[in-house]
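*Asks:* One structure, pasted below without further comment.
The values are calculated or read from the model by the stated rules, or taken from the named source; none is laboratory data. None of these values were measured; they are calculated from a predicted model. Note that each Cβ is placed from the backbone with ideal geometry, even for glycine, and that neighbours are counted across all protein chains shown. Just the protein is used for accessible areas: all its heavy atoms, side chains included, with ligands, DNA and RNA removed. Shrake-Rupley method; radii C 1.70, N 1.55, O 1.52, S 1.80 Å.
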Amino acid sequence: MKKILLFLFFGAVGFTAYSCDNKDDVVVQSKDTYSTAYDIIPKFNKEDSFTYHFDDAFKSPLLESDVVLIYLQTGLTTNGSPIWKLLTYTEYPNNGADKVEYSYDFSKVDIGIDVRSTNGVNLDNNPGYYTNKKFRVVIVPAKTGTSKNAAFGEVDYSNYNSVIKYYNINESKISTKY
């Protein structure tokens, strides 16, 4: 009986030691997905209700596992780097009395960016809210593999710099498509 207990003990210790290695902490992306980014400067107009749709942004449709993130350049830092805000983003002109909202949607074949106003902002008379606005489109895989520490290592999608770093996107290769 003592020998059986000894073998069970060594078996349990061996199983525990094998299952506790830290080699599975690496996030692995699938070979059929990749991360990419590009800039657009859309031309919004009243006829399209200040909505800009583009379907030729990518050569092939998005994969089921792809996610589109769109950031609006809202200014520059003191060293000249752009400041990017994840859409949905809201501006409050006139000391907060008005509201202009930028939002987006996407499907496998189409991306749309909307500019909406409330509380009296007439977009027809205020082209500064939709003219020469630079957006950065970032396409990332939704499923990035498995990680033992996934709950602690998730990327903050509202932080543009975190997304670029996490998905290893080379900003020097980002081009303007429109």
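*Asks:* Among the residues of the stretch 85-96, which ones are under 21 Å from F50 (Cα atoms) and of a type outside the set (K, R)? Show your work before the answer.
*Replies:* Of the residues in the stretch 85-96, the ones under 21 Å from F50 (Cα atoms) are 85-94.
Those that are under 21 Å from F50 (Cα atoms) and of a type outside the set (K, R): L86, L87, T88, Y89, T90, E91, Y92, P93, N94.
*Asks:* Sticking with this structure for a sec: Which one is farthest from the chain's Cα centre (by Cα), of the residues in the stretch 108-131 that are closer than 29 Å to A37 by Cβ and among the β-branched types (V, I, T)?
*Replies:* Once the filter is applied, the top-ranked residue is T131.
*Asks:* Restricting attention to the stretch 70-92, which residues are part of a loop (DSSP other than H, G, I, E, B) and surrounded by 16 or more Cβ atoms within 10 Å (Cβ to Cβ)?
*Replies:* First pass over the stretch 70-92, keeping only residues part of a loop (DSSP other than H, G, I, E, B): 77-81, 87-88, 92.
The one that is part of a loop (DSSP other than H, G, I, E, B) and surrounded by 16 or more Cβ atoms within 10 Å (Cβ to Cβ): L87.
*Asks:* Given the conditions (1) under 21 Å from L76 (Cα atoms); (2) at pLDDT below 85, which single one is not true for R136?
*Replies:* Going through (1) under 21 Å from L76 (Cα atoms); (2) at pLDDT below 85 one by one, R136 breaks only (2).
*Asks:* Still on this structure, please answer the following. Of the residues that make up the stretch 102-116, is at least one of a type in the set (K, R) and over 17 Å from F44 (Cβ atoms)?
*Replies:* Let us first name the residues in the stretch 102-116 that are of a type in the set (K, R), namely 108, 116.
Still in the list and also over 17 Å from F44 (Cβ atoms): 108.
Yes, the stretch 102-116 has at least one match.
*Asks:* I would also like to ask the following. For G11, work out the one condition from (1) surrounded by fewer than 15 Cβ atoms within 10 Å (Cβ to Cβ); (2) at pLDDT below 70; (3) within 19 Å of Y157 (Cβ to Cβ); (4) of a type outside the set (D, E, K, R) it doesn't fulfil.
*Replies:* (3)
Quick grid of which residues meet (1) modelled with pLDDT under 80; (2) among the charged types (D, E, K, R); (3) open to solvent by 70 Å² or more (accessible area, probe 1.4 Å):
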position	(1), (2), (3)
F15	yes, no, yes
A37	no, no, no
E47	no, yes, yes
D56	yes, yes, yes
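*Asks:* Right, something else. Looking at the stretch 93-124 only, could you name the residues that are surrounded by 12 or more Cβ atoms within 10 Å (Cβ to Cβ), among the β-branched types (V, I, T) and modelled with pLDDT under 85?
*Replies:* Those that are surrounded by 12 or more Cβ atoms within 10 Å (Cβ to Cβ), among the β-branched types (V, I, T) and modelled with pLDDT under 85: V109, V121.
*Asks:* For the stretch 125-140, which residues satisfy the criterion of being surrounded by fewer than 22 Cβ atoms within 10 Å (Cβ to Cβ) and either touching a Cys at 6+ places or on another chain (Cβ under 8 Å) or β-branched (V, I, T) (or both)?
*Replies:* Passing the criteria: only T131.
*Asks:* Select from the stretch 141-169 the residues that are in contact with a strand residue (DSSP E or B) (Cβ under 9 Å, 6 or more places away or on another chain), within 21 Å of L63 (Cβ to Cβ) and open to solvent by 30 Å² or more (accessible area, probe 1.4 Å) and write down the one among them that is modelled with the lowest pLDDT.
*Replies:* Filtering the stretch 141-169 for residues that are in contact with a strand residue (DSSP E or B) (Cβ under 9 Å, 6 or more places away or on another chain), within 21 Å of L63 (Cβ to Cβ) and open to solvent by 30 Å² or more (accessible area, probe 1.4 Å), the one modelled with the lowest pLDDT comes out as A142.
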